[in-house]
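Encoded as C-alpha coordinates, here's the structure I'll be asking about.
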Amino acid sequence: MTHFLTMAGTKTVSRILTVSGIVMMAVGGVGFILVMVLNAFVLDEFDAYGEVPIPGSGQVQLPAGQAQISFHTSVTGSPSSGFPLPALKLSIVPPDGVADPVLTENHGTLTTINSDTHIRIWTAEIPAAGTYQIHTDGQMNGYINPRLSFGRESDYDYLHWVFLAVFGFGLLDIIMAFVLRKRGRSQTVGVMANAPLESYPPSTSYPPRDPYTPSDQGVRLEQLKTLAALRDSGALTQDEFDAEKRRVLGE
(Lines give C-alpha, C1' and ligand atoms only; values in the text may rest on other atoms or scores of the structure.)
Protein backbone atom coordinates (compact mmCIF):
# COMPACT_ATOMS: atom_id res chain seq x y z
CA MET A 1 0.00 0.00 0.00
CA THR A 2 2.87 2.37 0.86
CA HIS A 3 4.40 1.82 -2.55
CA PHE A 4 1.17 2.79 -4.31
CA LEU A 5 0.83 5.94 -2.17
CA THR A 6 4.42 6.90 -3.01
CA MET A 7 3.79 6.36 -6.71
CA ALA A 8 0.62 8.46 -6.53
CA GLY A 9 2.63 11.27 -4.92
CA THR A 10 5.30 10.99 -7.62
CA LYS A 11 2.63 11.24 -10.31
CA THR A 12 1.17 14.36 -8.66
CA VAL A 13 4.59 16.03 -8.44
CA SER A 14 5.23 15.14 -12.08
CA ARG A 15 1.98 16.79 -13.13
CA ILE A 16 2.76 19.93 -11.13
CA LEU A 17 6.23 20.17 -12.67
CA THR A 18 4.79 19.68 -16.15
CA VAL A 19 2.20 22.43 -15.74
CA SER A 20 4.65 24.86 -14.14
CA GLY A 21 7.24 24.08 -16.81
CA ILE A 22 4.81 24.78 -19.64
CA VAL A 23 3.69 28.05 -17.99
CA MET A 24 7.27 29.19 -17.37
CA MET A 25 8.37 28.34 -20.91
CA ALA A 26 5.40 30.27 -22.31
CA VAL A 27 6.08 33.29 -20.10
CA GLY A 28 9.80 33.19 -20.86
CA GLY A 29 9.33 32.87 -24.62
CA VAL A 30 6.67 35.58 -24.91
CA GLY A 31 8.54 37.88 -22.52
CA PHE A 32 11.81 37.48 -24.43
CA ILE A 33 10.17 38.37 -27.75
CA LEU A 34 8.27 41.27 -26.17
CA VAL A 35 11.40 42.76 -24.59
CA MET A 36 13.36 42.44 -27.84
CA VAL A 37 10.58 44.24 -29.73
CA LEU A 38 10.24 46.96 -27.07
CA ASN A 39 14.00 47.51 -26.93
CA ALA A 40 14.14 47.81 -30.71
CA PHE A 41 11.11 50.03 -31.29
CA VAL A 42 10.11 51.73 -28.02
CA LEU A 43 12.89 51.71 -25.43
CA ASP A 44 15.75 52.17 -27.88
CA GLU A 45 17.88 55.20 -26.89
CA PHE A 46 20.17 55.26 -29.91
CA ASP A 47 19.86 59.10 -30.10
CA ALA A 48 19.77 59.88 -26.36
CA TYR A 49 22.78 62.27 -26.49
CA GLY A 50 21.99 64.02 -29.75
CA GLU A 51 22.57 63.91 -33.49
CA VAL A 52 24.84 65.57 -36.04
CA PRO A 53 23.96 65.90 -39.75
CA ILE A 54 26.06 64.26 -42.48
CA PRO A 55 28.04 66.10 -43.69
CA GLY A 56 28.19 68.69 -40.95
CA SER A 57 29.41 69.62 -37.48
CA GLY A 58 27.90 69.90 -34.06
CA GLN A 59 28.35 69.53 -30.33
CA VAL A 60 27.25 66.54 -28.28
CA GLN A 61 27.24 66.24 -24.50
CA LEU A 62 28.62 62.77 -23.78
CA PRO A 63 28.95 61.02 -20.41
CA ALA A 64 31.99 58.99 -19.46
CA GLY A 65 31.79 55.40 -20.53
CA GLN A 66 30.44 53.73 -23.63
CA ALA A 67 28.41 55.50 -26.32
CA GLN A 68 26.71 53.97 -29.34
CA ILE A 69 27.06 55.80 -32.67
CA SER A 70 24.41 54.98 -35.29
CA PHE A 71 23.71 55.98 -38.88
CA HIS A 72 20.21 57.46 -38.95
CA THR A 73 18.18 58.24 -42.08
CA SER A 74 14.70 58.23 -43.55
CA VAL A 75 13.71 55.73 -46.23
CA THR A 76 10.88 55.13 -48.65
CA GLY A 77 9.42 51.64 -48.52
CA SER A 78 10.87 48.83 -46.43
CA PRO A 79 14.67 48.46 -46.55
CA SER A 80 16.04 44.96 -46.94
CA SER A 81 18.67 43.27 -44.80
CA GLY A 82 21.19 44.36 -47.44
CA PHE A 83 20.69 48.05 -46.63
CA PRO A 84 23.70 49.86 -48.18
CA LEU A 85 25.79 51.85 -45.74
CA PRO A 86 27.64 54.88 -47.11
CA ALA A 87 31.34 55.53 -46.59
CA LEU A 88 31.48 57.80 -43.55
CA LYS A 89 34.13 59.96 -41.96
CA LEU A 90 33.90 60.89 -38.29
CA SER A 91 36.06 63.12 -36.14
CA ILE A 92 35.46 63.54 -32.40
CA VAL A 93 37.33 66.39 -30.74
CA PRO A 94 37.37 66.07 -26.92
CA PRO A 95 37.36 68.95 -24.42
CA ASP A 96 40.72 70.43 -23.47
CA GLY A 97 42.84 68.08 -21.43
CA VAL A 98 40.78 64.99 -22.25
CA ALA A 99 42.11 62.07 -24.29
CA ASP A 100 40.57 61.18 -27.63
CA PRO A 101 37.68 58.70 -27.51
CA VAL A 102 38.46 55.20 -28.82
CA LEU A 103 36.23 54.15 -31.72
CA THR A 104 35.50 50.49 -32.40
CA GLU A 105 33.54 49.34 -35.45
CA ASN A 106 30.53 47.51 -34.07
CA HIS A 107 27.70 47.05 -36.56
CA GLY A 108 24.28 46.33 -35.08
CA THR A 109 20.91 45.23 -36.40
CA LEU A 110 18.99 47.41 -38.84
CA THR A 111 15.89 48.85 -37.16
CA THR A 112 13.08 50.50 -39.12
CA ILE A 113 9.97 52.16 -37.71
CA ASN A 114 7.67 53.44 -40.43
CA SER A 115 10.13 55.34 -42.67
CA ASP A 116 12.74 55.91 -39.94
CA THR A 117 15.82 53.66 -40.09
CA HIS A 118 18.94 53.41 -37.95
CA ILE A 119 21.80 50.99 -37.52
CA ARG A 120 24.72 51.06 -35.07
CA ILE A 121 28.11 51.52 -36.70
CA TRP A 122 30.59 52.34 -33.92
CA THR A 123 31.01 52.04 -30.18
CA ALA A 124 32.98 54.87 -28.60
CA GLU A 125 34.81 54.70 -25.27
CA ILE A 126 34.40 58.20 -23.79
CA PRO A 127 37.21 58.92 -21.28
CA ALA A 128 35.44 61.74 -19.43
CA ALA A 129 32.10 63.50 -19.46
CA GLY A 130 31.98 66.73 -21.40
CA THR A 131 31.05 68.54 -24.59
CA TYR A 132 32.61 66.94 -27.67
CA GLN A 133 32.95 68.54 -31.09
CA ILE A 134 31.70 66.24 -33.83
CA HIS A 135 32.64 66.51 -37.53
CA THR A 136 31.07 64.21 -40.11
CA ASP A 137 31.50 63.74 -43.84
CA GLY A 138 30.46 61.31 -46.58
CA GLN A 139 28.69 60.95 -49.92
CA MET A 140 25.01 61.12 -49.03
CA ASN A 141 23.44 61.07 -52.48
CA GLY A 142 20.12 59.19 -52.28
CA TYR A 143 19.84 59.30 -48.47
CA ILE A 144 17.07 61.37 -46.85
CA ASN A 145 18.13 63.56 -43.91
CA PRO A 146 21.21 61.46 -43.00
CA ARG A 147 22.81 61.99 -39.59
CA LEU A 148 24.91 60.32 -36.91
CA SER A 149 23.13 59.59 -33.65
CA PHE A 150 24.87 59.32 -30.30
CA GLY A 151 23.14 57.30 -27.62
CA ARG A 152 23.22 54.25 -25.42
CA GLU A 153 21.66 50.82 -25.13
CA SER A 154 18.26 50.46 -23.51
CA ASP A 155 18.20 50.43 -19.71
CA TYR A 156 15.96 47.37 -19.95
CA ASP A 157 18.22 45.32 -22.17
CA TYR A 158 18.95 42.94 -19.28
CA LEU A 159 15.32 41.81 -19.19
CA HIS A 160 15.74 39.47 -22.16
CA TRP A 161 18.28 37.51 -20.07
CA VAL A 162 15.72 37.32 -17.25
CA PHE A 163 13.09 35.84 -19.56
CA LEU A 164 15.64 33.47 -21.05
CA ALA A 165 16.36 32.23 -17.52
CA VAL A 166 12.61 31.76 -16.89
CA PHE A 167 12.35 29.77 -20.12
CA GLY A 168 15.34 27.65 -19.04
CA PHE A 169 13.81 26.90 -15.63
CA GLY A 170 10.57 25.87 -17.35
CA LEU A 171 12.49 23.51 -19.62
CA LEU A 172 14.24 22.06 -16.56
CA ASP A 173 10.84 21.45 -14.92
CA ILE A 174 9.66 19.56 -18.00
CA ILE A 175 12.78 17.38 -17.96
CA MET A 176 12.37 16.64 -14.23
CA ALA A 177 8.70 15.75 -14.76
CA PHE A 178 9.68 13.34 -17.53
CA VAL A 179 12.30 11.69 -15.31
CA LEU A 180 9.86 11.33 -12.41
CA ARG A 181 7.17 9.91 -14.70
CA LYS A 182 9.58 7.37 -16.13
CA ARG A 183 10.82 6.40 -12.66
CA GLY A 184 7.23 6.04 -11.42
CA ARG A 185 6.39 3.66 -14.25
CA SER A 186 9.46 1.56 -13.48
CA GLN A 187 8.49 1.37 -9.79
CA THR A 188 4.93 0.37 -10.73
CA VAL A 189 6.18 -2.50 -12.86
CA GLY A 190 8.56 -3.64 -10.09
CA VAL A 191 5.90 -3.55 -7.36
CA MET A 192 3.34 -5.40 -9.45
CA ALA A 193 5.90 -8.06 -10.38
CA ASN A 194 6.89 -8.64 -6.73
CA ALA A 195 3.40 -8.41 -5.22
CA PRO A 196 2.00 -11.67 -3.68
CA LEU A 197 -0.84 -13.35 -5.47
CA GLU A 198 -3.22 -12.48 -2.61
CA SER A 199 -2.85 -8.80 -3.49
CA TYR A 200 -4.41 -9.26 -6.89
CA PRO A 201 -8.20 -9.25 -7.18
CA PRO A 202 -9.70 -12.72 -7.68
CA SER A 203 -10.42 -13.53 -11.25
CA THR A 204 -14.03 -13.87 -12.25
CA SER A 205 -15.08 -17.51 -12.58
CA TYR A 206 -17.53 -18.64 -15.17
CA PRO A 207 -19.64 -21.84 -15.06
CA PRO A 208 -18.33 -24.62 -17.30
CA ARG A 209 -20.10 -24.95 -20.59
CA ASP A 210 -21.93 -28.11 -21.48
CA PRO A 211 -19.93 -30.38 -23.77
CA TYR A 212 -21.04 -30.18 -27.37
CA THR A 213 -23.24 -33.09 -28.43
CA PRO A 214 -23.48 -33.41 -32.19
CA SER A 215 -26.92 -34.04 -33.72
CA ASP A 216 -27.81 -37.16 -35.76
CA GLN A 217 -27.64 -35.14 -38.94
CA GLY A 218 -24.17 -33.97 -38.03
CA VAL A 219 -23.02 -37.55 -37.34
CA ARG A 220 -24.34 -38.74 -40.72
CA LEU A 221 -22.64 -35.80 -42.46
CA GLU A 222 -19.30 -36.72 -40.90
CA GLN A 223 -19.75 -40.40 -41.87
CA LEU A 224 -20.46 -39.39 -45.49
CA LYS A 225 -17.33 -37.22 -45.53
CA THR A 226 -15.29 -40.18 -44.28
CA LEU A 227 -16.79 -42.51 -46.92
CA ALA A 228 -16.09 -39.97 -49.65
CA ALA A 229 -12.50 -39.71 -48.52
CA LEU A 230 -12.12 -43.52 -48.57
CA ARG A 231 -13.62 -43.67 -52.05
CA ASP A 232 -11.34 -40.90 -53.32
CA SER A 233 -8.31 -42.70 -51.87
CA GLY A 234 -9.28 -45.97 -53.58
CA ALA A 235 -10.08 -47.85 -50.38
CA LEU A 236 -13.73 -48.19 -51.47
CA THR A 237 -15.15 -48.79 -54.88
CA GLN A 238 -18.02 -46.72 -56.19
CA ASP A 239 -20.49 -49.58 -55.59
CA GLU A 240 -19.24 -50.01 -52.02
CA PHE A 241 -19.49 -46.28 -51.46
CA ASP A 242 -23.08 -46.21 -52.77
CA ALA A 243 -24.06 -49.13 -50.55
CA GLU A 244 -22.56 -47.54 -47.43
CA LYS A 245 -24.15 -44.20 -48.29
CA ARG A 246 -27.62 -45.82 -48.46
CA ARG A 247 -26.98 -47.52 -45.13
CA VAL A 248 -25.98 -44.24 -43.46
CA LEU A 249 -28.96 -42.42 -44.88
CA GLY A 250 -31.28 -45.31 -43.97
CA GLU A 251 -32.50 -45.78 -47.50
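For residue 154, enumerate residues with amide H under 5 Å from its amide H, sequence gap 5+ or separate chain, H modeled in the peptide plane.
45
So with the 1.4 Å probe, I'd like the accessible area per residue for the range 112-167, rounded to whole Å².
52
In addition: Among the aspartates and glutamates, select those whose C-alpha is under 19 Å from the C-alpha of residue 245, and discard any that sit fewer than 8 residues away in the same chain.
Cα-Cα hits under 19 Å: 216, 222, 232.
May I ask you to compute the full-extension gain from residue 230 to residue 23, defined as 0.36 nm times their residue separation minus their alpha-carbon distance, rounded to one decimal in nm?
66.6 nm
If the cut-off is a Cα-Cα distance under 28 Å, which lysines reach residue 182, setting aside same-chain residues fewer than 8 apart in sequence?
11
Convert each backbone phi in the range 99-113 into a coupling constant with the Karplus relation 6.51 cos²θ - 1.76 cosθ + 1.60 (shift: θ = phi - 60°), then list the ³J(HN,Hα) values in order as whole Hz, x for Gly and Pro.
In residue order, the calculated couplings are 5, 5, x, 9, 9, 10, 5, 8, 5, x, 8, 5, 10, 10, 10 Hz.
The values are calculated or read from the model by the stated rules, or taken from the named source; none is laboratory data. Bear in mind that the values here come from a model prediction, so they are computed numbers and not experimental data. Surface areas here come from the heavy atoms of the whole protein model, side chains and all, with no ligands, DNA or RNA. Shrake-Rupley method; radii C 1.70, N 1.55, O 1.52, S 1.80 Å.
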